[in-house]
1. Long-range amide H contacts for residue 319: which residues qualify at under 5 Å (H placed 1.01 Å from N, peptide plane, sequence gap of 5 or more or a different chain)?
2. State the extension gain, in nm to one decimal, for the chain segment bounded by residue 396 and residue 132, taking 0.36 nm per residue of separation less the distance between their alpha-carbons.
3. Quick one: angle between helix 53-63 and the longest Cα principal axis of the chain, in degrees between 0 and 90, rounded to 10, please.
4. Give me the angle, in degrees from 0 to 90, between the Cα long axis of helix 100-109 and the longest principal axis of the Cα atoms of the chain, rounded to the nearest 10.
5. Classify the range 272-376 from the C-alpha gyration tensor, please: rounded if a/c falls under 1.5, else prolate or oblate depending on whether a/b exceeds b/c.
6. Taking the chain as the reference, fit the longest principal axis to its C-alpha atoms, fit the long axis of helix 178-187 to the helix C-alpha atoms, and give the angle between the two in degrees, 0 to 90, nearest 10.
7. I need the Debye-formula profile for the range 211-299: one equal scatterer per C-alpha, no solvent, reported as log10 I(q)/I(0) at q = 0.12, 0.14, 0.18, 0.22 1/Å, two decimals.
8. Which FRET efficiency value, to the nearest 0.05, do you get for residue 169 and residue 408 by plugging their Cβ-Cβ distance into 1/(1 + (r/R0)^6) with R0 = 41 Å?
Amino acid sequence: MVYRITVVGAGYLGATHAACLAELGFEVLGMDVDATKVAALSEGRLPCYEPGLEPLLRKHIESGRLRFTTSYGEVADFGDVHFLCVGTPQRQDSFAADLSYLDAAVEGLAPHLNRTCLLVGKSTVPVGTADRLASRVVELAPAGELVEVAWNPEFLREGHGVADTLAPDRMVLGIRTERAERVLREIYAAVITAGAPVVVTDFSTAELVKSAANAFLTAKISFINAMAEVCEATGADVTQLAAALAHDPRIGGRFLHAGLGFGGGCLPKDLRAFIARVEELGVDAAVALLQDVDAINTQRRTRMIDLAREQCDKTFTGRRIGVLGAAFKPNSDDIRDSPALHVAAAIQRLGAQVTVYDPKAMDNARAQFPLLSYADSAVEAANGAHLVLHLTEWQEFRDMDPVVLSAVVAQKRMVDGRNALDPAIWRSAGWTYRALGRP
């Protein structure tokens, strides 16, 4: 059977999933309640920067395979399979996930479902959510139990969303029936044939896979950052420590990279939502572990500020600071919970004049942090600076010639918050180079 597919929620996840399903050959209808977003997507314009996604979006809008709407009724009439790709941000009043957007999507769509179809959740949710929504869909849908629910969590990395969708490192199918499994296997046939491993499981395990994967990743990052503090206390070098640990096949080297810590719209809020849910379940040992992971990550920003202050002769008052990076990671314009901007804003509040440059995130940074100063290049950001901070590891900054910056700075001092620059190159150009976890 050739399925017609809808994607409810047209943010980063939804837009990526919709374009990639069209690339796999399906007719796809994307839906969002934000009419402005739908209008932009319909013209082939993305609300965010993601390498390779906008050309794919435009390709399939032009081919006719992909279009967008604001109508739940149109979605229900069009689709055989409906993917829920709605955001689940952190609540304002707690660590818990805000499921109001997901609940609203189900409440809006389900009353229009009057025939056999499959509703597939991709959003990151607390364990137990899929069971609850499955019951609610049966209550609301005219088709009742003919509307099945499955959970197929996403594992996208910003900056790699297209590749992670079309060639994922695993496919998790949380299902209750053989039919649901068959439909999902048919939709992902090309991906599975290309070698993606498939894990078929129940709802709760499928939900936990995403939460546990993010928690494990954050724990690995926080572990090496905790070791960075030990290295600073002992005069050891955390980059050499990490390189030695990476040779151990039980540990591996991926994400064993000390620095300013993780940020963005996923890892921090997903970790905290997991803490909140595990706390509700009464699993105290897991709560304590995850809280420590979060605390270590937050502490890295404070340590970065302290190290920068040390390089400014113990005071930021009257100092000019050039900041390289605003996005939470390279190849993205996402500034949600950005460590770089957190540090930049904190240093400004402590008396420094801070100028920021980022290759892609400038508009977002200006909108959220209007009191900071901004530049159109790394050289302009460093002009007259008493200290330069490297806070987002864009390739542009890795490739930067310190001699060029030497001509414009007031003092040749660099603090590398990402341990991504070559100390020898910078020191040979006359710079004082410091980094987290290195002597």
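We did not get these values from a lab; they are worked out from the coordinates using the rules stated. Source: prediction; values computed, not measured. All Cβ positions, glycine included, derive from the backbone under ideal geometry; neighbour counts span all protein chains shown.
1. Placed amide hydrogens put 353 under 5 Å from residue 319.
2. Numbers: separation 264, 0.36 × 264 = 95.04 nm, distance 4.67 nm.
Taking 0.36 nm per residue and subtracting the Cα distance, the gain is 90.4 nm.
3. 30 degrees
4. The helix 100-109 is inclined about 30 degrees to the chain.
5. Details: a/c = 3.15, a/b = 1.68, b/c = 1.87.
Because a/c hits 1.5 or more and a/b fails to exceed b/c, the range 272-376 counts as oblate.
6. 60 degrees
7. Listed by q, the Debye log ratios stand at -0.39, -0.52, -0.80, -1.05.
8. On the way: r = 43 Å, r/R0 = 1.05.
E between residue 169 and residue 408, to the nearest 0.05, is 0.40.
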